[in-house]
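J.: I am attaching a structure below and will ask some questions about it afterwards.
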Amino acid sequence: MRKINTFGRVLGILLIVTIPIGIQYGNSHQVSMKVVQKELREAGKQRLSGLSTQLDTVLEQLSMNAIMLGQDPTIREFQYLYSLPGLLDPSRTKNAIVEKLVLNSTIVRWPNNISVYAPAVQEALSSGARAKFDEAYLGQYVSRSWTYRSGVAGGSGKFYWYSVDPITAYDDVKQAKLIVEVSFPQDNFISKLDDYKASGSSAPFLYHAGEPIIADRSANRTLAYRIAEAASDLKLLQDNDSVVTIDQEQFLVNYIPTAMPNWVLIDYVPLSAILKPIEVSRTRFYFSVGVFSLLAIGAAFFLYRDVQVPIKMLLKGVRRFKRGDYSVRIAEPSNPEFIYLVQGFNEMAVEIQGLIEKVYKEELRSREATLKQLQSQIAPHFLYNCLYFIKNMAQVGNDSAVATMCVQLGKFYRYAARTENQSATLAEEVELIRSYLMIQSLRMRKIDYRIDMPEGMLGLHVPRFLLQPIIENAVLHGVEPLYGSGNITVRGEIRPDLEGYLISIEDNGSGIASDEITRLNRSFSLPLAEENGCGMWNVHQRLLHYFGDGAGLTLQQMPQGGTRAIMHWPGSEHDNP
């Protein structure tokens, strides 16, 4: 399981701390919002109920005043104005009735007008302007409850209430003895709403579907209409309060019916204005948490970059050292606390690499000295096999084979005996392996070989005896164990744009297992072990030291069987084609 680094752990701790805080604060915020809205509803209902009570009280006073006037003896004489000529003086009776109407009109604080209609005498008296008896008017407008009539030509509307004697004559005014009419302008409501708004923050209004709203003089009537319509759509009449949204702004709306049928008193409060401090507090809290989180993430990042990354780099360098990669160097970090440590590691790596390379070079020189010694001793078993072949061919009289063997053997040993130069041209190396392969083909009679080397590579200088050890391995370990014939192919390749050169040596022998090939390729870059042969290791090291980085030997498993050895080295503009 992959371990979590310091940066991940710090982020995990930050999430564990901030997420519960955010959830808890979010729940607390929701509870606070609900409590505030509930308190606003209750306060709004109480205020609106108080205002409604005041309005209903005035309306009740006006209606009771009309009922009492209908029972007043002086007012009742109006219906007998001309039927009792000896008992009643019409002029004096009218004046007394008007005085009573004016007196009762002034009892109520609101400006109002009281009119009395006597169908029996077809006359009317009023506390205000002169009244005119109109039976059609009375038949149209007399009602058992308060009614509203809009003003003429944009004038102010009025509210009316009627007291009819007897009470059964409401449906047929012709049967009425007296009709008392009380009316007042809507300006009374407007003035009351002005006073109410001046004492608080809300702006209630009276609403009746199909009639103009009655609101204070500074009210936003368009908004009031929209709130009333939206509240009606939400069935506000059933809930008595609701939240409506107008132009993406929420309003808390309270409703209460009045003593006037179908007239409701509506109050609205913009929630955004009231809840704004809570929203601002929530925004500041989340902003603070966000800033804190960013600072914590930044601190964790700098801790990761300045502490954990240098430590990981040091550990990675130590592991590469342990695997034998002594060329590893660590880039100096920006953190000054680790600069001295990294510099010390790099200096130690340079010294260790120098010592190891020195040991490698000494070992390589020792191997080369051994190789020269072996070359000078001319492999006794190889020479014995060749001489034995010459003897056998001479006995059977195959002079041609004897001559060919002697010529090729002479070329091979003449080249091997020249130890004064450590390098040779690739053409000389090719001639050497050609002689070696011809000698082996004469001996075994089952070796077919092909050498395909570009002309541009024949003039290149390479270490001596570069190809022969690989060819010898292909013959002894690849072809010789076969029952049938064996094939050995040597190809050269020039890579474009000075990418380098490549020589592949392929055989169709029994091959090497893939795990063994992987182990051998890895061993070429390690110090020579006793269990590994020195031939291919020597070729790899000589290529590496002769041509530098990018050169070496690689083994591959052939798809159709056998082994491919690839020698490669980088090119140079100074190479002689």
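The values are calculated or read from the model by the stated rules, or taken from the named source; none is laboratory data. Please read all numbers here as calculations on a predicted model, not as lab measurements. Glycine gets a Cβ as well: all are built from the backbone with ideal geometry, and neighbour counts include every protein chain shown.
J.: Looking at L48, L81, can you tell me which residue is in contact with a strand residue (DSSP E or B) (Cβ under 9 Å, 6 or more places away or on another chain) and farther than 30 Å from A176 by Cβ? Reasoning before the result, please.
T.: On the way: L81 fails: farther than 30 Å from A176 by Cβ.
So the residue among L48, L81 that is in contact with a strand residue (DSSP E or B) (Cβ under 9 Å, 6 or more places away or on another chain) and farther than 30 Å from A176 by Cβ is L48.
J.: All but one of (1) free of Cβ contacts under 8 Å to residues at least 60 places away in the same chain; (2) under 27 Å from P73 (Cβ atoms); (3) touching a strand residue (DSSP E or B) at 6+ places or on another chain (Cβ under 8 Å); (4) polar (S, T, N, Q) hold for S156; state the number of the condition that does not hold.
T.: (2)
J.: Specify the residue that is farthest from the chain's Cα centre (by Cα); the eligible residues are those in region 315-331 that are under 27 Å from G548 (Cα atoms) and of a type in the set (A, V, I, L, M, F, W, C).
T.: It comes out as F321.
J.: Among the residues that make up region 112-121, is at least one of them surrounded by fewer than 13 Cβ atoms within 10 Å (Cβ to Cβ) and not β-branched (V, I, T)? Working first, answer last.
T.: First, pick out the residues of region 112-121 that are surrounded by fewer than 13 Cβ atoms within 10 Å (Cβ to Cβ): none.
No, region 112-121 has no match at all.
J.: Looking at region 507-515, is at least one residue under 23 Å from Y436 (Cβ atoms), of a type outside the set (G, A, S), assigned to a helix (DSSP H, G or I) and modelled with pLDDT under 90? Write out each step before concluding.
T.: Of region 507-515, the ones under 23 Å from Y436 (Cβ atoms) are 507-512.
Now drop any that are not of a type outside the set (G, A, S), which leaves 507-508, 512.
After this cut, where a residue has to be assigned to a helix (DSSP H, G or I) as well, the list is none.
Within region 507-515, not a single residue is under 23 Å from Y436 (Cβ atoms), of a type outside the set (G, A, S), assigned to a helix (DSSP H, G or I) and modelled with pLDDT under 90.
J.: Can you name the helices (runs of 4 or more DSSP H) wholly within region 422-492 that have at least 1 residues being touching a residue at least 40 places away in the same chain (Cβ under 8 Å), crowded, with 20+ Cβ neighbours inside 10 Å and in contact with a His (Cβ under 9 Å, 6 or more places away or on another chain)? Let's see the steps before the verdict.
T.: Numbers: elements: 426-444, 455-458, 468-473.
Answer list for region 422-492: 426-444.
J.: Looking at R2, R9 in this structure, which one is among the charged types (D, E, K, R), in a helix (DSSP H, G or I) and either modelled with pLDDT of 75 or more or within 29 Å of the chain's Cα centre (by Cα) (or both)? Step through it out loud before you land on a result.
T.: On the way: R2 fails: in a helix (DSSP H, G or I).
When all the criteria are applied, what remains is R9.
J.: I'd like the residue in region 501-523 that is among the hydrophobic types (A, V, I, L, M, F, W, C) and in contact with a Ser or Thr (Cβ under 8 Å, 6 or more places away or on another chain) and, out of all such residues, is nearest to A474 (Cα to Cα). Can you show your working first?
T.: First, the residues of region 501-523 that are among the hydrophobic types (A, V, I, L, M, F, W, C): 502-503, 505, 512-513, 517, 520.
Right, trim to in contact with a Ser or Thr (Cβ under 8 Å, 6 or more places away or on another chain) and you get 505, 512, 517.
Values: I505: 8, I512: 11, I517: 14 Å.
The selected residue is I505.
J.: Something else about it: Please enumerate the residues belonging to region 451-503 that are polar (S, T, N, Q) and under 22 Å from R418 (Cα atoms). Don't jump to the end; show me each part of the working.
T.: Looking only at region 451-503, we keep the residues that are polar (S, T, N, Q), and these are 468, 473, 485, 487, 489.
Within region 451-503, just Q468 meets the criteria.
J.: Another question about this same structure. Give region 101-153 a look and list any residue that's over 19 Å from K177 (Cβ atoms), part of a loop (DSSP other than H, G, I, E, B) and either in contact (Cβ under 8 Å) with a residue 60 or more places away in the chain or acidic (D, E) (or both), or say none.
T.: Correct list: W110, P111, N112, S145, W146, S150.
J.: If L87 meets every condition in (1) touching a helix residue (DSSP H, G or I) at 6+ places or on another chain (Cβ under 9 Å); (2) surrounded by 12 or more Cβ atoms within 10 Å (Cβ to Cβ) apart from one, which number is that one?
T.: It is condition (2) that L87 fails.
J.: Name the residue, out of E357, E351, E347, E337, that is of a type in the set (D, E, K, R) and modelled with pLDDT under 75. Before you say what the answer is, go through the steps one by one.
T.: Details: E357 fails: modelled with pLDDT under 75; E351 fails: modelled with pLDDT under 75; E347 fails: modelled with pLDDT under 75.
Result: E337 is the single residue among E357, E351, E347, E337 that is of a type in the set (D, E, K, R) and modelled with pLDDT under 75.
J.: Could you list, ordered by first residue, the pairs with Cβ atoms under 7 Å in which the first is in region 80-100 and touching a residue at least 40 places away in the same chain (Cβ under 8 Å) and the second is of a type in the set (S, T, N, Q) and in a helix (DSSP H, G or I), at least 6 apart or interchain?
T.: Cβ pairs passing all conditions: L81/T93.
J.: Same structure again: Checking S32 against (1) over 28 Å from N188 (Cα atoms); (2) modelled with pLDDT of 75 or more; (3) of a type in the set (G, A, S); (4) surrounded by 12 or more Cβ atoms within 10 Å (Cβ to Cβ), which test does it fail?
T.: The one condition S32 does not meet is (2).
J.: Could you pull out the residue among I179, I214, I190 that is under 24 Å from V108 (Cβ atoms), surrounded by 14 or more Cβ atoms within 10 Å (Cβ to Cβ) and in contact with a Lys or Arg (Cβ under 8 Å, 6 or more places away or on another chain)?
T.: Details: I179 fails: in contact with a Lys or Arg (Cβ under 8 Å, 6 or more places away or on another chain); I214 fails: in contact with a Lys or Arg (Cβ under 8 Å, 6 or more places away or on another chain).
Of I179, I214, I190, the one residue that is under 24 Å from V108 (Cβ atoms), surrounded by 14 or more Cβ atoms within 10 Å (Cβ to Cβ) and in contact with a Lys or Arg (Cβ under 8 Å, 6 or more places away or on another chain) is I190.
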